[in-house]
1. Please work out if ALA171 is farther than 20 Å from ILE44 by Cα, open to solvent by less than 40 Å² (accessible area, probe 1.4 Å), under 22 Å from the mean Cα position of the chain (by Cα) and at pLDDT 95 or above.
2. Provide a single number: the residues in segment 76-105 that are without any contact (Cβ under 8 Å) to a residue 24 or more places away in the chain and acidic (Asp, Glu).
3. Right, ASN178: assigned to a loop (DSSP other than H, G, I, E, B), open to solvent by 40 Å² or more (accessible area, probe 1.4 Å) and farther than 24 Å from ALA248 by Cα or not?
4. Of all residues in segment 138-148 being more than 15 Å from PHE62 (Cα to Cα) and part of a loop (DSSP other than H, G, I, E, B), which is modelled with the lowest pLDDT?
5. Would you be able to say whether some residue in segment 91-111 is farther than 26 Å from PHE189 by Cβ and in contact with a strand residue (DSSP E or B) (Cβ under 8 Å, 6 or more places away or on another chain)?
6. Evaluate segment 198-209: report whether one residue or more is in a loop (DSSP other than H, G, I, E, B), touching a helix residue (DSSP H, G or I) at 6+ places or on another chain (Cβ under 8 Å), within 27 Å of ASP85 (Cβ to Cβ) and not aromatic (Phe, Trp, Tyr).
7. Can you work out which of the residues in segment 33-57 that are of a type in the set (Asp, Glu), in contact with a strand residue (DSSP E or B) (Cβ under 8 Å, 6 or more places away or on another chain) and under 15 Å from GLU209 (Cα atoms) is surrounded by the most Cβ atoms within 10 Å (Cβ to Cβ)?
8. Starting from segment 117-139, keep only residues that are over 17 Å from SER67 (Cα atoms) and in contact (Cβ under 8 Å) with a residue 24 or more places away in the chain, then list their pairs with residues that are surrounded by fewer than 16 Cβ atoms within 10 Å (Cβ to Cβ) and not aliphatic (A, V, I, L, M) whose Cβ atoms are within a distance under 6 Å, requiring at least 6 positions of separation or different chains.
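The values are calculated or read from the model by the stated rules, or taken from the named source; none is laboratory data. Just so you know, these numbers come straight off a predicted model, no measurement behind them. Cβ sites come from the backbone with ideal geometry, for glycine too, and all protein chains shown count toward neighbours. Accessible surface areas use protein heavy atoms only, side chains included; no ligands, DNA or RNA. Shrake-Rupley method; radii C 1.70, N 1.55, O 1.52, S 1.80 Å.
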Amino acid sequence: MMKHVMMLALAAAMITFIGCEDPEPIEGTLRLGAKAMYDGNSMIIGDVYTDNNDRPINIEQFRTYISSMKAVKDDGTIVHIKAIDQINFAESWFFDATLPAGDYSAITFGIGVPESINADQDPAQYPNDHVLGFTGNNGMFWSWNSGYIFTKFEGKTALDGDENSMTDPYAFHVGTDNFYEEFTFNVDFEIDEARTDVDIIFNCEQFLEGTDDSIDLATDNITHTADNIPLAERFMALFRDGINVELAN
């Protein structure tokens, strides 16, 4: 009888011990952020930098649509993060998403507005402050072209090299369905009870100069896509190579 009682007490103690163990997390938070850099330092809208031709360059505006954001688990499972947003690099941007716990190996996203919600759309169908709405798109809709501007990178430079007289404009406004592109970046991270931060990095100096091409703002400085498709193609090829994804420091 005593032996039976002792065994019951031991079993109860084991159940109590097991019940006190911390359960494995079933989900956690991913903070997906975006950073603009110039020559390895944070790019600040309004500051003056030096372009690939040693001229001063003032970046007055940099905006881009980012869409179809997803995370990929090690087993190939795709987890949706957010459908669409607009990044304005005059402000900080990040998004907190709740993801299943586990190991992840990649982040995927599109630059631009997917074809299904781009051309022949009326911003009035969205709430006014929606990123595709009248006010929320922040000037990223071509009423004359019936579609959204995917990326806007613009400012002024001084073709004579004089930083005190920066009056020469440049503007790269790229849109239309042909320029929508999805990216996949391999980055290993774990989702658990602690928040995990991953940043999409935009290296702005590479928008004008890359391995295979170089844009001279003296001769190639304006495209609204339809009026200069070759320059839009060149800019987006350089833009593409300037993007990276990494764990935040």
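1. No, not satisfied.
2. 1
3. Taking the combined requirement at face value, the residue does not satisfy it.
4. Restricting to residues being more than 15 Å from PHE62 (Cα to Cα) and part of a loop (DSSP other than H, G, I, E, B), the top hit is ASN145.
5. Start the filter on segment 91-111 by keeping residues that are farther than 26 Å from PHE189 by Cβ, which leaves none.
Within segment 91-111, none of the residues are farther than 26 Å from PHE189 by Cβ and in contact with a strand residue (DSSP E or B) (Cβ under 8 Å, 6 or more places away or on another chain).
6. The first filter runs over segment 198-209 and keeps only residues in a loop (DSSP other than H, G, I, E, B), leaving 208.
Now restrict to residues that are touching a helix residue (DSSP H, G or I) at 6+ places or on another chain (Cβ under 8 Å): 208.
Next, only the ones that are within 27 Å of ASP85 (Cβ to Cβ) stay: 208.
Keeping just the survivors that are not aromatic (Phe, Trp, Tyr) gives 208.
Yes, segment 198-209 contains at least one residue that is in a loop (DSSP other than H, G, I, E, B), touching a helix residue (DSSP H, G or I) at 6+ places or on another chain (Cβ under 8 Å), within 27 Å of ASP85 (Cβ to Cβ) and not aromatic (Phe, Trp, Tyr).
7. ASP51
8. Pairs found: ASP120/SER146.
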